[in-house]
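Notes for the one structure printed next.
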Amino acid sequence: MRAVCGYNPAGVKAMRLRFEAPVFPGKSLCVTLRLAAPDRTRFSANAVERGLRVVDEGLLEHIGTPGMTNTRKGKRA
């Protein structure tokens, strides 16, 4: 939510995804974001401890171009 809409839920128009496996509370997820268009971001998520893809074919439709940040390096993507 931070990377795409700056924590503003009003910036989200629609979201779709497909669960590949159960996601358990308290476990770590590694989410990958890919800008597909100025107003669409594709995403997937892996369960870190299990080394398993849990979310695939995610699509987030949002308002405008996101201010995506690469949190590992702290630089704008």
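Values as computed for the structure displayed
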| quantity | calculated |
| --- | --- |
| Residues of the stretch 58-77 satisfying the condition of being farther than 10 Å from Val4 by Cα and at pLDDT below 95 | Asn70, Thr71, Arg72, Lys73, Gly74, Lys75, Arg76, Ala77 |
| Close pairs from the stretch 1-16: first touching a residue at least 40 places away in the same chain (Cβ under 8 Å), partner assigned to a loop (DSSP other than H, G, I, E, B) and surrounded by 11 or more Cβ atoms within 10 Å (Cβ to Cβ), Cβ under 6 Å, at least 6 apart | Ala3/Met68; Val4/Pro66; Gly11/Ile63 |
| Per-region count, the stretch 2-32, residues open to solvent by 60 Å² or more (accessible area, probe 1.4 Å), under 13 Å from the mean Cα position of the chain (by Cα) and over 17 Å from Asn46 (Cα atoms) | 3 |
| Among (1) open to solvent by 70 Å² or more (accessible area, probe 1.4 Å); (2) touching a residue at least 12 places away in the same chain (Cβ under 8 Å); (3) of a type outside the set (Asp, Glu) - the single one Asn46 does not satisfy | (1) |
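The values are calculated or read from the model by the stated rules, or taken from the named source; none is laboratory data. This one's a predicted model, so the numbers in the text were calculated from it and none came from an experiment. Here the Cβ is made from the backbone with ideal geometry for all residues, glycine too, and neighbour counts use every protein chain on show. Accessible surface areas use protein heavy atoms only, side chains included; no ligands, DNA or RNA. Shrake-Rupley method; radii C 1.70, N 1.55, O 1.52, S 1.80 Å.
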